[in-house]
Amino acid sequence: MINIKIWLQGEITIENTGWGSDRLLNLCKRNDISIRNLKTIEDGYIFTVNMKDYKKILYFNNKIKSKITILNKSGLPNFFYKYKKRKIFAICILLCVISIFIFSNFIWKVSIIGNDIYTKEEIIKIINADYIPIGYKKSKINCNKLEKELRERFNNIAWISCEIRGTNLIVHINESIPNDKPIETEKPCNIIAYKDAIITEVITNKGKKIVSNGDQVKKNDILITGVVNISNEYDELIETTYTTAQGTVIGIVDYNYNDTFPIENTKKVYTGKTKKSFDLNIINSIIHIPSNNKLKSYDKISTTKTFSIFENLFLPIGYTTNCYKEYNLTNIKYTPEEAYDIANKRLLSYIENLKKKGVSILENNVKITIVNDECIASGIIKCKEVIGIPCDIEVTQEGE
């Protein structure tokens, strides 16, 4: 392991031979010169000293006249000496190292894993605008607090877990709880409801069950607690311990479905013409590179690339590629039969996505109607699913 202090001072490994080598070692010891990695050879010694002490050794050796041979030089002073004719190059390298060290204390990228209902861009935009802006100091981020705030913000997300790797804030998302593999944590926690439901089944593996079959619960209600109170024979509280609550809670959940679109509408017909432009992103500044974009009506698709040194060590430098796709608008009007068919296909697609997440459909009470040139699909889809998620317990220390 590199000793930073020694590396900054620099060190020299020398070979000292001749009849005066023993005397030179004694002089070093008498004058508090630190000697490291001392090895005995046939006619003397090999040892390592700090670069600042090397001149003292040469001064002592002027009288002793033993032979000194430099075997190796290392450390920062030697680096500058080696590149003394390339000072600008050496200074630039040093500035780069210092900059990377400084930038590594901040968040320069937010990564989203597991999203489906919400787009990555949508979630990142909300996180950067309201919670963690790009360039936010890592030491000020409380991942537990951020997880709770995001769970309250996104009602359709069952579980959010945040972690920091390098300069990357990674947000893991589960939009539903898998039936075969419940979310696990090693911290003391309760099992809470992530949405309103009527309980149909409670399986407790660890902790204490709070609810029973038939109970109606609200979002964030505790279902299985990890708080264990120990009482004596007089029902007096002796001690409170905290454990990791484990179990599966299943409930009936109502999904409110609403989908509306006009009978008469405009439709985009893409012409096939595309244009591109680029932006440079430096810290929180955007530099637009001029481009010749003369398209009339277009969709803009932007892709941002942030430069990184390692997998999760991102830098505050990157670029954005903007792709413009031209289109023309044409008027269309659906017949009642076509509108019903479109609304029904959208509903079936929604239900199919619920099934893919392990949700069982019990009742479909959605009605499709046409009112004032609008096709309206609305109603309640009754489902059965796992609703219990772990929620860390904030353990209060004695005296707080």
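Nothing in this text is a laboratory measurement; each read-out follows from the coordinates by a stated rule. This is a predicted model, so every value here is computed, not measured. Reconstructed Cβ throughout: ideal geometry from the backbone, glycine too, with neighbour counts over all protein chains shown.
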Exercise. Out of residues 5 or more away from Q246 or on other chains, whose amide H comes under 5 Å of its own, with H placed 1.01 Å from N in the peptide plane?
Worked result: N205, K206, G207
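For the chain, what is the calculated [θ] at 222 nm in deg cm²/dmol (nearest 500), taking -39500 (n - 2.57) for each run of four or more DSSP H residues and dividing by its residue count?
Using -39500 (n - 2.57) per qualifying helix, the result is -7500 deg cm²/dmol.
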Problem set entry | Extreme residue, positive dipole direction of the chain, given options I238, V253, N72 (C-beta unit charges) | N72
For this session: Find, among the GluC sites (Glu not before Pro) in the range 219-293, those assigned to loop by DSSP (not H, G, I, E, B) with at most 13 other beta-carbon atoms within 10 angstrom.
Result: E233, E236
Seminar exercise, completed: Given Cβ charges of +1 for Lys and Arg and -1 for Asp and Glu, the option among I224, L58, I198 whose Cα lies farthest towards the positive end of the dipole of the chain is L58
For this session: For K275 and N292, compute 0.36 nm times the residue count separating them, minus their Cα-Cα distance, and round to one decimal in nm.
Result: 5.3 nm
Problem set entry | Separation of the D22 and D254 label points, Cα + 7 Å toward Cβ, nm | 9.9 nm
For this session: Quick one: what are the phi-derived ³J(HN,Hα) couplings along the range 341-347, Karplus 6.51/-1.76/1.60 with θ = phi - 60°, whole Hz, x for glycine and proline?
Result: 5, 5, 4, 5, 5, 5, 5
Problem set entry | Cys with no candidate disulfide partner in the chain (beta-carbon separation under 4.7 Å rule) | C28, C92, C96, C189, C323, C375, C383, C391
Problem set entry | Cβ-Cβ FRET estimate between L313 and I113, R0 fixed at 25 Å, reported to 0.05 | 0.90
Seminar exercise, completed: In Å³ per residue, the alpha-carbon convex hull of the range 1-40 encloses 82 Å³
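Select from the range 287-333 those trypsin sites (Lys or Arg not before Pro) which occupy a DSSP coil region and have at most 16 other Cβ atoms within 10 Å, ordered by residue number.
For trypsin sites (Lys or Arg not before Pro) across the range 287-333 that sit outside H, G, I, E and B with at most 16 neighbouring Cβ atoms in 10 Å, the list reads K294, K296.
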For this session: Could you give the size of the charge dipole of the range 94-164 about its Cα centre, using +1 on the Cβ of each K and R and -1 on the Cβ of each D and E, expressed in debye and rounded to the nearest 20?
Result: 260 debye
Problem set entry | Table column - 3J(HN,Hα) (Hz), the range 49-65, Karplus curve with 6.51, -1.76, 1.60, x for Gly and Pro | 9, 5, 4, 5, 8, 5, 5, 5, 5, 5, 5, 4, 6, 4, 8, 7, 6
Exercise. For L8 and I361 in the same chain, what is the full-extension length gain: residue separation times 0.36 nm, less their Cα-Cα distance, in nm?
Worked result: 120.3 nm
For this session: Excluding I107 itself, calculate the net charge of residues whose Cβ lies under 14 Å from the Cβ of I107, where each Lys or Arg counts +1 and each Asp or Glu counts -1.
Result: +4
For this session: Would you please name the chymotrypsin sites (Phe, Trp or Tyr not before Pro) within the range 246-319 that are DSSP coil residues with at most 10 other C-beta atoms within 10 Å of their C-beta?
Result: F310
Exercise. In nanometres, what is the gap between the two model label sites at K206 and E394, each 7 Å from Cα along Cα-to-Cβ?
Worked result: 2.4 nm
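Once fully extended, how much extra length lies between T243 and K39, figured as 0.36 nm per residue of separation less the alpha-carbon to alpha-carbon distance?
Gain on extension, T243 to K39, equals 67.8 nm.
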Seminar exercise, completed: Descending packing, highest mean Cβ count within 10 Å first, for 370-377, 102-109, 386-393 is 386-393, 102-109, 370-377
Problem set entry | Proximal lysines to K294, defined as alpha-carbon separation beneath 30 angstrom and excluding residues fewer than eight positions away on the same chain | K120, K125, K267, K268, K273, K275, K276, K305, K325
For this session: Name the long-range amide H neighbours of V366: under 5 Å, sequence gap of 5 or more, or other chain; modelled H, no Pro or chain starts.
Result: I380
Exercise. Where in the range 316-340 is the amide nitrogen less than 20 Å from a point lying 7 Å along the Cα-to-Cβ axis of D373?
Worked result: 329-340
Seminar exercise, completed: For the range 188-272, the dipole about the Cα centre with charges only on Cβ (Lys and Arg +1, Asp and Glu -1), to the nearest 20 debye, works out at 540 debye
Exercise. Label N78 and K382 with points 7 Å out from Cα along Cα→Cβ: what is the distance between them in nm?
Worked result: 8.0 nm
Problem set entry | Backbone HN-Hα couplings from phi across the range 31-40 [Karplus 6.51/-1.76/1.60, Hz, Gly and Pro as x] | 9, 6, 8, 6, 10, 10, 6, 6, 10, 8
Exercise. Relative to the Cα centre, what is the charge dipole magnitude of the chain, using +1 at the beta carbon of each Lys and Arg, -1 at the beta carbon of each Asp and Glu, and rounding to the nearest 20 debye?
Worked result: 3580 debye
Problem set entry | Size-normalised alpha-carbon gyration radius of the chain, reference 2.2 N^0.38 Å | 1.60
Exercise. Put +1 on the Cβ of each Lys and Arg and -1 on the Cβ of each Asp and Glu in the chain; which of I46, T167, L295 then has its Cα farthest toward the positive end of the dipole?
Worked result: I46
